[in-house]
1. Using Cα pairs under 8 angstrom and six or more residues apart, how large is the relative contact order of the stretch 40-180, in percent?
2. When ligands, DNA and RNA are left out and all protein chains stay put, how many square angstrom of accessible area per residue does the chain have with a 1.4 Å probe?
3. Given the peptides 293-300, 39-46, arrange them by the average over their residues of other C-beta atoms within 10 Å, most packed first.
4. Over the stretch 167-313, with every protein chain in place, what whole percent of the accessible area is carbon and sulfur at 1.4 Å, could you tell me?
5. From Cα pairs below 8 angstrom and at least 6 apart in sequence, can you work out the relative contact order of the stretch 127-184, rounded to a whole percent?
6. Under the 0.36 nm per residue contour assumption, what length would be gained going from the current alpha-carbon distance of residue 129 and residue 162 to full extension?
7. Defining a contact as two alpha carbons under 8 Å apart and six or more residues distant in sequence, what relative contact order in percent does the chain show?
8. Which lysines does residue 182 reach when only Cα atoms under 28 Å apart count, and residues fewer than 8 places away in its own chain are ignored?
Amino acid sequence: MLTLPTTEARLEPYRLTGSPLRPRAPRVPLTRTAFAAAHVVSDPLRERNPWDTRPAVDWDATLAFRTQLWDQGLHLAEAMDTAQRGMGVDWPTALDLIRRTLRAAAAHPARPRVACGAGTDHKAPQDLSGPDAILAAYTEQAAAIEAAGGQLILMASRAFPAIGANPDTYHRVYRRLIDQAKDPVILHWLGPMFDPALTGYWGSADVTRASRFVLSLIAENPARVDGIKISLLDQRHEERFRARLPDGVRLYTGDDFNYAPLIEGDGTRHSHALLGIFAAIAPAAAQALEALAQGDRDTYRRLLAPTVPLSREIFRAPTRFYKAGIAFLSWLNGHQSHFIMPGGLQSSRDITHLAQVFRLADQAGLLSCPDLAEARMRTLLAVHGIEQS
């Protein structure tokens, strides 16, 4: 029995009740492509001045976390914006991560796919004052990723809104990036709820106009686009957008609120997944996708339904701080020995939020070792002055 805080500033008893899901490999090929965007595990013994210096990474724990995702049939989206970049991880560390992850993936028996984020974050904003500079920055990262053997995800860049780019500017840069890539790319539309600096992406604050532009960009050469990840937390928009994509171009949902119905689909079209929450709910996600591949929609819904309240809590506003919940669950489940994040970002969420994540993870069967999770939660509560009887 634990005493947990509530949002009403009360303390209430809570007893673990969930039946943990056992992580395992899928028994059949999956019919949805599912990328999990995994986090980086810090090395707190080597961390110095976390707000001002490069993060110290526990590489063994970081790669072990990825391996257990691959063991469950998931693929990996590596070095992504909200998962690492903009969350304390700089480009040199991200490139090291990409290279290490790709080597580990090549040695894994499942041969998982690894798609890697290419952006412009290694350049200072003042050095990205025009389309040529933005293109050159993207190209530098893309070349390094392709040299390591990774597929490109063209992440949204803050540089475009910062210079007030119009659709012609986006077209000039993205057309070159898509056409010069070695393999078909994944585009990425990240909404301002994840990063306010991306407001007005694709040259318009009007989502309908922005959609029209990016659909026309894809339609110019759909064979060069694997798919597009959309992270706008708007199910109806994603369904409408998905219906207009050329055949063969995937919609990778980044909607951590509405992923369950979007992945299931409407009987005609469905979304694939490129989700941060899948790193936290891997056993439920992988086994639900297995059920869907077997035509068992009831089991699919039963497994994913309790994960949705958990995901909505983890991704609640300010959504950009969601990674604290991912690292918290990784710690509770024994994937890392501490709850420390790059840049000290574990402090971005309060104890009442973490207590609710604890409850919801239990109810979804996602505390794999309940005794360990309870012991670690006791420690965190004590740090916050909440003593247990």
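1. Reported relative contact order: 21 percent.
2. Values: 15810 Å² over 389 residues.
For the chain, the solvent-accessible area averages 41 Å² per residue.
3. Output ranking for 293-300, 39-46: 39-46, 293-300.
4. On the way: 2600 of 5610 Å².
Taking all protein chains in place, the stretch 167-313 shows 46 percent carbon and sulfur surface.
5. 48 percent
6. Stretched out fully, the residue 129 to residue 162 stretch lengthens by 11.0 nm.
7. Value for the chain: 22 percent.
8. Residue 182 reaches 123, 229.
The values are calculated or read from the model by the stated rules, or taken from the named source; none is laboratory data. These numbers were taken from a predicted model, which means no experiment stands behind them. Heads up, the Cβs are rebuilt from the backbone with ideal geometry, glycines too, and the neighbour counts pull from every protein chain shown. For the accessible areas, the whole protein counts, side chains as well, though only heavy atoms, and no ligand, DNA or RNA atoms are used. Shrake-Rupley method; radii C 1.70, N 1.55, O 1.52, S 1.80 Å.
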